[in-house]
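The values are calculated or read from the model by the stated rules, or taken from the named source; none is laboratory data. None of these values were measured; they are calculated from a predicted model. As a convention, Cβ positions derive from the backbone with ideal geometry for all residues, glycine included, and neighbour counts pool all protein chains shown. SASA here: full protein model, heavy atoms, side chains in, ligands and nucleic acids out. Shrake-Rupley method; radii C 1.70, N 1.55, O 1.52, S 1.80 Å.
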Amino acid sequence: MTDIATRPTRVVAQTGGRRRRLNGAPPRAGVIVAFLTPFFLPFVLFYLVPVGYALWQSFLVVRRTGGQYGTSYTTFGGFEQYVQVFQNHEFWASIGRIGLFGIVQVPIMLFVALIMALLLDTPLLKAKAFFRITAFMPYAVPGVIAAIMWSYLYSPQLSPVVDLLKGIGLQPDFLGPDAVLWSAANVSTWLWTGYNMLIMFSALQSIPQELYEAAKIDGASNWAIAWQIKVPIIAPSIILTTVFSIIGTLQLYAEPAVLRQISSNISSTFTPNMLAYAVASGNNYQQAAAISVVIAVITFVLSFGFMRLTSKRAGL
């Protein structure tokens with residue numbers, strides 16, 4: 001009788017103990033590998049391997065023996081390719097153009113995105129869903145297609161905008177040597193403003209409404225709430241979009257490459273990425289790899305340095 005009465009207790013205790021041991025046991029290595037493989041396998045094959053191969057190629061040089069009609073062979077050249085990159089005036093000219101592009105275009109784009117986000121967040125604006133989708137729609141257009149659309153509007157022979165401006169006595173030259181860089185900047189601004197606006201707007205939506213109510217009780221205006229409460233709180237999002245914009249600026253390729261088809265003022269070395277592509281098209285893959293590595297290093301230094309500097313100042 002005693003054995004029958006106590007048996008369920010022992011079974012429950014033993015079962016509970018096993019359950020506790022099973023719940024507290026670390027997951028098996030096979031389960032972890034099964035979950036991580038779908039991510040890490042493409043990451044290694046399509047990111048780490050190409051990056052490693054490009055880095056290795058950047059240390060190689062092509063030698064030729066036997067004169068003009070001799071044979072060529074590839075050998076390790078150390079930093080010879082990088083020395084040639086830093087001595088290439090076309091590379092530094094492209095860096096200068098892209099630097100000017102970023103200094104002007106990025107602040108304007110992010111300021112417009114911030115204003116749009118603040119307007120969408122204000123209760124005074126009606127039909128917010130319509131304006132939000134409308135502002136984000138340009139981002140859905142591929143960069144090449146957007147550049148083709150804008151090249152039509154820039155072309156003196158085809159553009160209705162040029163005809164309209166000429167009708168009021170102006171003589172615009174959007175593809176001229178002094179304006180073509182800013183024409184490309186305009187395409188990038190049109191493409192990416194909505195994307196940055198959506199990031200900032202999402203950050204604004206996470207702010208508790210009680211902060212606004214308390215500020216209004218203290219007599220703060222909508223302007224003061226926007227610039228003294230909203231903007232400081234979403235500073236991390238503004239920093240993030242700036243970092244993305246720095247990276248995108250140094251990778252600029254599609255817009256000037258498309259505009260080059262209708263403008264002689266854009267050379268094949270207009271941007272660093274265009275220079276790397278032009279060098280690779282000449283079968284000098286080692287030099288193109290070195291240029292790409294230098295661009296990547298510059299991108300990392302600028303984006304990481306900006307993030308560290310601004311994060312410290314913002315107390316993040």
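Annotations
- Residue match in the stretch 95-102 (condition: more than 16 Å from the chain's Cα centre (by Cα), surrounded by 14 or more Cβ atoms within 10 Å (Cβ to Cβ) and within 27 Å of S292 (Cβ to Cβ)): yes
- Residue count for the stretch 269-286, restricted to those that are open to solvent by 10 Å² or more (accessible area, probe 1.4 Å), under 17 Å from G96 (Cβ atoms) and part of a loop (DSSP other than H, G, I, E, B): 2
- Given (1) polar (S, T, N, Q); (2) surrounded by fewer than 16 Cβ atoms within 10 Å (Cβ to Cβ); (3) free of Cβ contacts under 8 Å to residues at least 24 places away in the same chain; (4) in contact with a helix residue (DSSP H, G or I) (Cβ under 8 Å, 6 or more places away or on another chain), index of the condition S159 fails: (2)
- Any hit, the stretch 82-100, residues being among the hydroxyl-bearing types (S, T, Y) and under 21 Å from S183 (Cα atoms): yes
- Across the stretch 106-119, the number of residues qualifying as open to solvent by 10 Å² or more (accessible area, probe 1.4 Å), more than 15 Å from the chain's Cα centre (by Cα) and in contact (Cβ under 8 Å) with a residue 60 or more places away in the chain comes to 5.
- Qualifying residue in the stretch 228-246 (condition: in contact with an Asp or Glu (Cβ under 6 Å, 6 or more places away or on another chain) and closer than 17 Å to I115 by Cβ): no
- Any chance G96 is small (G, A, S) and modelled with pLDDT of 90 or more: yes
- Against the list (1) more than 21 Å from the chain's Cα centre (by Cα); (2) hydroxyl-bearing (S, T, Y); (3) crowded, with 18+ Cβ neighbours inside 10 Å, the condition Y152 fails is (3).
- Long-range neighbours under 6 Å by Cβ, at least six apart or interchain, first residue more than 15 Å from F111 (Cα to Cα) within the stretch 176-196, second among the charged types (D, E, K, R) and part of a helix (DSSP H, G or I): A184/E255; V187/E255
- Within the stretch 120-140, the set of residues being touching a residue at least 60 places away in the same chain (Cβ under 8 Å), within 24 Å of N222 (Cα to Cα) and surrounded by 13 or more Cβ atoms within 10 Å (Cβ to Cβ) comprises L120, D121, T122, R132, A135.
- At least 1 residues being farther than 30 Å from F76 by Cβ and modelled with pLDDT under 50 is the threshold, and among the helices (runs of 4 or more DSSP H) wholly inside the stretch 1-57 those reaching it are 2-24.
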